[in-house]
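Below is one structure, written out as structure tokens; comments come after it.
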């Protein structure tokens, strides 16, 4: 009986490991936000270009909770190439349904949103070998306020993900 239980436990562990592995992910890192995300605070992610021949999808990942009071999220995302070239984009993402319910995956009050950055409308290739970096900064504003939100509440983690395109 003991051997049978050990075999079942081993099979269950192997299934868990196989299902838990994400074969598409090349880079997937998160940075925690302590309490509030200051408007001048950058989340920086550094990684090596996987290769220069394959197509990839790039994502900004956001974890937020019920303290997040906006329906959208504006981000400034800067992709820095190994040769010094930088591409900076201002992006808007929908974060809540019209009824105010947060979008994203998760069963608790913390939701995780996988937000497209590159690869959604055209294949993305790393055109240079070497080290890349991505900076992510929020650019939220209250209606009528030019200076913006100094400390954004409700964002708990910021992530960046590179995965093989299908």
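The table that follows gives values for the structure above.
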{"read-out": "Filter result (in contact with a strand residue (DSSP E or B) (Cβ under 9 Å, 6 or more places away or on another chain) and either more than 27 Å from residue 110 (Cα to Cα) or free of Cβ contacts under 8 Å to residues at least 60 places away in the same chain (or both)) within the range 145-166", "value": "165, 166"}
{"read-out": "In the range 133-166, residue surrounded by the most Cβ atoms within 10 Å (Cβ to Cβ) [restricted to those that are part of a strand (DSSP E or B) and over 16 Å from the mean Cα position of the chain (by Cα)]", "value": "152"}
{"read-out": "Selection status of residue 68, under 17 Å from residue 158 (Cα atoms) and either in contact with a strand residue (DSSP E or B) (Cβ under 6 Å, 6 or more places away or on another chain) or free of Cβ contacts under 8 Å to residues at least 24 places away in the same chain (or both)", "value": "no"}
{"read-out": "In the range 94-124, the residues that are closer than 18 Å to residue 136 by Cα and without any contact (Cβ under 8 Å) to a residue 24 or more places away in the chain", "value": "94"}
{"read-out": "Subset of the range 108-121 (residues that are in a loop (DSSP other than H, G, I, E, B), over 14 Å from residue 27 (Cβ atoms) and in contact with a strand residue (DSSP E or B) (Cβ under 9 Å, 6 or more places away or on another chain))", "value": "109, 110, 120"}
{"read-out": "Filter result (within 14 Å of the chain's Cα centre (by Cα) and within 18 Å of residue 134 (Cβ to Cβ)) within the range 48-73", "value": "57, 58, 59, 60, 61, 62, 63, 73"}
{"read-out": "Selected residue (only one of 100, 84 is over 17 Å from residue 33 (Cβ atoms), modelled with pLDDT under 95 and part of a loop (DSSP other than H, G, I, E, B))", "value": "100"}
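One line per residue, one yes/no per condition, for (1) touching a strand residue (DSSP E or B) at 6+ places or on another chain (Cβ under 7 Å); (2) surrounded by fewer than 15 Cβ atoms within 10 Å (Cβ to Cβ); (3) within 18 Å of residue 46 (Cα to Cα):
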| residue | (1), (2), (3) |
| --- | --- |
| 61 | yes, no, yes |
| 73 | yes, no, no |
| 78 | yes, no, yes |
| 82 | yes, no, yes |
| 90 | yes, yes, no |
| 96 | yes, no, no |
| 123 | no, yes, no |
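The values are calculated or read from the model by the stated rules, or taken from the named source; none is laboratory data. Source: prediction; values computed, not measured. FYI the Cβ positions are ideal-geometry reconstructions off the backbone, even for glycines, and counts take in every protein chain you see.
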